[in-house]
Amino acid sequence: MHGQVHGPEETLDPDDWATAEAISHRIVGDAVAYLRDVRDRAPWTDMPHSVRETFTEPLPSEPTDLAEVYQAVLDSLMPYPMGNIHPRFWSWYMGSSNLTGALGDFIAAVQGSNLGGGNHAAALMDQQVVGWCKQMLGFPASATGSLESGGSMANFIGLTVARNVKAGADIRELGVAALPRPMRYYASDQAHSCHRKAMEALGLGNQALRRIPSNDAMAIDIEALRRAIAEDRAAGLNPACIIGTAGTVNSGAIDDLEALANLAAEEGLWFHVDGCIGALVAIAPRNRNLVAGIERADSVALDPHKWLHAPFEVGCALVRDPQAQHKTFAVTPEYLEASPRGLAAAPWLHEYGLQTTKAFRALKVWMAIKEHGIEKFGRLIDQNIDQALYLSGLIDAEPGLERVAPTTINIVCFAIKIAGNDSEAAKRVNIEAMLRLQEEGIAVLSDTTVKGRHCLRVAITNHRTRRSDLDLLVRELVRLRSTLLVTESPTAPKS
Ligand SMILES: *Cc1c(COP(=O)(O)O)cnc(C)c1O
C-alpha cells in the first residue's frame, strides 16, 4: 500500500515565522537582563516543593504554545540555577560563563552542524580554536588536538594515547591482556578523580595509578616519584606515564612541571599534564612562570569552560606527537569514507576521539576570544589570583579563621577556628556555616579535606567577583562563627 497519503506533511518549523521572531526577541531580551541583574539575586535558592513537582510531569503528547512553554521555563527553571554565574559563587571549580559565549552556543545550534567530520566552516573553526589552545600553551603547531566535553574527557584522551604508545603491544587489536608487563602511571595524591576513572575504563585498573605523596606545597614530591619509578622497574612493571597537575582541585597546587618533564625524559615516560585548572595560567602575564614547562608535555588537558568562562561544555586535549592521537582513535567504517571533494572531504574530527557526532563547541570560545582578545582573559586570570591572595590576607588577619593550605593561585582553603581540638565539632561548625551561607543567599563555597584536615574552600574562577565580595564573605563568616560557637559550646546557655 505504498504511496498512501496519511494527511498533510509536517515540520518542526514554526507555523508563523513572525510570532517565532517575536518570542525569540523576548527570550534574548530576558537573557540579557538575567545576566545584567545576576548580582541582585541570591547565588543559590532551594526550590519550593511546587516547583520540584513540575519536574515529575509526564511525557507531553499534545502541543503547547511556545509562549506557554517559555513561561514554564521562566517559572520553574530560571530562578533556581546552580548559581555559578553569580559573583559570589566559589564552589568546586567552574567558570562563570559569558553572554557572547551563550550567543555562540545559540548560533551553533541554529546552524546545527555536526563536528564529527566533513568539509565545512565549523570544522575549520574547531581546528582553529584547538590551534589557539596550542598557542596559548606554547605547544608546537604540529601537535594535534580535539575539543572534548570537558577536562575529564580531555584527560582520558591523553591517558589513552599514552597507554597505546607505551604499552609495548598492539593494545587496539589485542587489548590489555597482551601487555608484556603491567603498566604504571604516576600522579600526586592530589590528582583529580577523573584519572582514576580513566585508569579503570582503560582496563589498567585503579592500582596502576600510583599516588605519590605531595609535599608541604601540596605538589608532587619529585624524589618520591623518582624512587617509585625505580622500585616499579625493579619489580618488573612498566613505568609508562607521569601525570603532572597544573592546579590541583583541592588547593590549586602546581607540580614542578620542568622537573617532571626532565624526569619523564630521563626515564622514557610519557608526560601528561592535567591543566584543567592551571594550564591557562600560561596566558596570565604576571603568573605564567608558575606553569613553565607545560609546553614540554606529551599531552595536556585544558578546560576552556573553567578559566576562559565558556558555557559548558568544552575541554581540550592536545597531543604533541603529530600522529599518536590519530593512531589511537582513527577508525574508518565504510559509511564514513572520505571523498576527494565535496562535504565528505577532510577533516574527519571523529578520528581524534571517542565521539562520532560532536557538538560545535568552538564557536562560543571563538566569539568570546575574538571579542575581548586573549590578553583580557589573561588579565582576568591574574585578577582572580590577586583576589585569592587578598582573601588569604583577610583570613590571616582574622583571629577566628585560619588558612589550611598555601594559596598558590585562585583557591583558598581555610577553616573557622573553634576552641579546643575537637575535629568533629570543628567540621560541624564549618559545614553549618557553609550551608547557611548558601541558604541565606550570601555566597556558595564548598568544603574538602586537605592533609586530613576538613576545611572550607573558595575557588575564584569568576570574572564577576570583586574584592568587596570577599570582604562581605569574611564579615559573614565572622558573624556565623559567633552564632555557631554559642550553639556548639557545651556551656552554652539554653535559650
Ligand atoms: C575540573 C577538573 C577536571 C575535570 O574536568 P571537567 O571539565 O569537570 O570534566 C580534571 N582535573 C582537574 C584538576 C580539574 O580541576
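The values are calculated or read from the model by the stated rules, or taken from the named source; none is laboratory data. Quantities reported herein were computed from a predicted structural model and do not represent experimental measurements. Note that we place each Cβ from the backbone using ideal geometry, even for glycine, and neighbour counts take in every protein chain shown.
A few points about this structure:
- Residue selection: SER50 satisfies the criterion of being of a type in the set (Ser, Thr, Tyr) and under 30 Å from ARG436 (Cβ atoms).
- Applying the condition of being in a helix (DSSP H, G or I) and touching a Phe, Trp or Tyr at 6+ places or on another chain (Cβ under 9 Å) to segment 268-295 and asking which residue is nearest to HIS192 (Cα to Cα) yields ALA279.
One line per residue, one yes/no per condition, for (1) touching a residue at least 60 places away in the same chain (Cβ under 8 Å); (2) under 30 Å from LEU99 (Cα atoms):
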site	(1), (2)
ASP396	no, no
GLU402	no, no
SER423	no, no
GLU432	no, no
LEU437	no, yes
ASP471	yes, yes
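- Sole exception among (1) part of a strand (DSSP E or B); (2) out of contact with any helix residue (DSSP H, G or I) (no Cβ under 7 Å at 6 or more places or on another chain) for SER339, by number: (1)
- In the set SER482, SER468, only one residue is surrounded by fewer than 14 Cβ atoms within 10 Å (Cβ to Cβ), more than 24 Å from the chain's Cα centre (by Cα) and closer than 21 Å to LEU380 by Cα; that residue is SER468.
- Residue count for segment 265-323 satisfying the condition of being within 16 Å of the ligand (Cβ to nearest atom) and either over 20 Å from ILE157 (Cα atoms) or surrounded by fewer than 24 Cβ atoms within 10 Å (Cβ to Cβ) (or both): 11.
- Segment 225-244, residues that are surrounded by fewer than 17 Cβ atoms within 10 Å (Cβ to Cβ) and under 14 Å from ASP255 (Cβ atoms): ARG226
- Only one of SER188, SER193 that is surrounded by fewer than 21 Cβ atoms within 10 Å (Cβ to Cβ) and under 20 Å from GLY244 (Cβ atoms): SER193
- A count restricted to segment 424-476 and to residues that are touching a Ser or Thr at 6+ places or on another chain (Cβ under 8 Å) and assigned to a helix (DSSP H, G or I) stands at 1.
- Within segment 191-267, helices (runs of 4 or more DSSP H) holding 2 or more residues that are within 24 Å of TYR93 (Cβ to Cβ): 193-201, 257-267
- Qualifying residue in segment 141-153 (condition: surrounded by fewer than 21 Cβ atoms within 10 Å (Cβ to Cβ), modelled with pLDDT of 95 or more, more than 29 Å from VAL458 (Cα to Cα) and in the same structural domain as VAL300 (by TED's automatic domain parsing)): yes
Rundown of residues vs (1) in the same structural domain as SER152 (by TED's automatic domain parsing); (2) part of a helix (DSSP H, G or I); (3) within 16 Å of HIS463 (Cβ to Cβ); (4) out of contact with any Leu (no Cβ under 6 Å at 6 or more places or on another chain), yes/no style:
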position: THR356; (1), (2), (3), (4): yes, no, no, yes
position: PHE360; (1), (2), (3), (4): yes, no, no, no
position: LEU363; (1), (2), (3), (4): yes, yes, no, yes
position: LEU380; (1), (2), (3), (4): no, yes, yes, yes
position: ALA388; (1), (2), (3), (4): no, yes, yes, yes
position: PRO399; (1), (2), (3), (4): no, no, no, yes
position: GLU402; (1), (2), (3), (4): no, no, no, yes
position: PRO406; (1), (2), (3), (4): no, no, no, yes
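- Residues of segment 34-55 that turn out to be exposed (fewer than 10 other Cβ atoms within 10 Å of the Cβ) and in a helix (DSSP H, G or I), as a count: 3
- Criterion: over 22 Å from the mean Cα position of the chain (by Cα), farther than 30 Å from LEU354 by Cβ and either among the aromatic types (Phe, Trp, Tyr) or in the same structural domain as GLY117 (by TED's automatic domain parsing) (or both) - qualifying residue of GLY268, GLY236: GLY236
- Residues of segment 195-209 that turn out to be within 14 Å of the ligand (Cβ to nearest atom), touching a residue at least 40 places away in the same chain (Cβ under 8 Å) and closer than 18 Å to TRP270 by Cα, as a count: 3
- Near pairs, Cβ below 8 angstrom, 6+ apart or cross-chain, from segment 1-14 (at pLDDT 95 or above) to any residue that is among the aliphatic types (A, V, I, L, M): PRO14/ALA20; PRO14/LEU66
- Taken over segment 164-174, the criterion of being touching a residue at least 12 places away in the same chain (Cβ under 8 Å), surrounded by fewer than 16 Cβ atoms within 10 Å (Cβ to Cβ) and over 25 Å from SER149 (Cβ atoms) is satisfied by GLY168 alone.
- Single residue of segment 410-449 satisfying the filter (farther than 26 Å from MET47 by Cβ and acidic (Asp, Glu)) that is surrounded by the most Cβ atoms within 10 Å (Cβ to Cβ): ASP422
- Matching option when the condition is of a type outside the set (Phe, Trp, Tyr) and loosely packed, with under 14 Cβ neighbours inside 10 Å, among GLY116, GLY7, GLY101: GLY7
Residue-wise test of (1) hydroxyl-bearing (Ser, Thr, Tyr); (2) away from the ligand (no atom under 16 Å from the Cβ); (3) not in a loop (DSSP other than H, G, I, E, B).
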position: SER97; (1), (2), (3): yes, no, no
position: SER113; (1), (2), (3): yes, yes, no
position: LEU124; (1), (2), (3): no, yes, yes
position: SER142; (1), (2), (3): yes, yes, no
position: ALA154; (1), (2), (3): no, no, yes
position: ARG163; (1), (2), (3): no, yes, yes
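- Number of the condition not met by PHE360 [criteria: (1) closer than 30 Å to LYS376 by Cβ; (2) of a type in the set (Phe, Trp, Tyr); (3) over 25 Å from the mean Cα position of the chain (by Cα)]: (3)
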